[in-house]
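See below for the structure under consideration.
Laboratory data are not the source of any read-out in this text; all were calculated from the coordinates shown. None of the values given here were measured: they were computed from a predicted structure. Backbone-built Cβ (ideal geometry, glycine too); neighbour counts: all protein chains shown.
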Amino acid sequence: MRALKIISDLLPIPSYTVILICFFFPFITIKCGTTELVSVTGFDYVVGTDMKEKMKDNEFSKKLEKQLGKDLFGTAGTNLDSLDVDEDGNPIKAESLPLPEETPDEKSSRIVMMIMMGIPFFMAIAGLILSFVKARRKGLLHIIFSSIGFIVLLIFGIIIKSSDELNAVSSMADGMGGGMISIGMGTAYYMATILFLLVIMFFGMLKYLKNLYKEEQAIREEALDEFLTKE
């Protein structure tokens with residue numbers, strides 16, 4: 001039990017620290033073969049980064065727009081064939097085109113994702129702070145914080161996997177004959193999710209062993225009392 005006590009004091013610190021670091025690495029990646037085209041970090045969601053702007057500035061998006069002959073990001077009435085060209089005959093850069101304003105649905109979706117991803121981020125911060133303070137039922141609090149973080153990240157992954165917008169990008173690429181575009185969760189997402197689960201499992205096991213030890217102690221004391229009574 002002494003060894004478990006030492007581990008329980010040390011394990012949360014690196015676990016929550018790594019989880020927080022993971023938020024600054026890609027949670028979603030769009031790849032063409034083995035080449036990464038677009039990546040979105042967990043912190044991008046936490047601060048509500050405009051994904052349209054991020055994707056539009058990507059070279060892959062510009063090439064895809066050029067091949068499809070239309071603006072993928074909804075610039076009203078825009079067709080790349082009708083754009084002004086420079087002196088070399090190349091279309092004027094997309095930066096000169098303003099992005100359309102967010103629709104109410106897009107804004108609501110961004111706010112929901114910002115709140116959703118903010119929850120595990122702040123659970124990791126709360127867990128890290130808890131690791132340095134003395135508190136009753138600390139193990140139970142670690143289980144609660146990590147369970148919330150794990151469940152929310154799991155739901156986030158399910159939502160992303162079933163996202164119509166991301167599936168549309170893959171479908172467009174397949175329609176161009178590429179068939180090599182893949183959209184998946186980044187390593188950082190899986191690592192953060194697994195570390196939350198690791199903390200849950202460890203403190204759950206620790207709580208179970210403590211309860212088992214108390215039950216055994218109670219049985220021994222009861223047996224000892226019966227023996228002394230008989231004597």
Rough spin-label spacing in nm, given labels placed 7 Å along Cα→Cβ, for Leu209 and Asp9: 1.6 nm
Contour excess over end-to-end distance, with Cα ends at Ser109 and Gln217 and 0.36 nm allotted per residue: 33.5 nm
Peptides 131-141, 18-28 ordered by average Cβ neighbours within 10 Å, highest first: 18-28, 131-141
Amide hydrogen neighbours beyond the local backbone of Ile28, cut-off 5 Å, H modeled: Val40, Gly186
Estimated distance in nm for a label pair at Met116 and Ile21, the labels positioned 7 Å out from Cα along Cα-to-Cβ: 2.7 nm
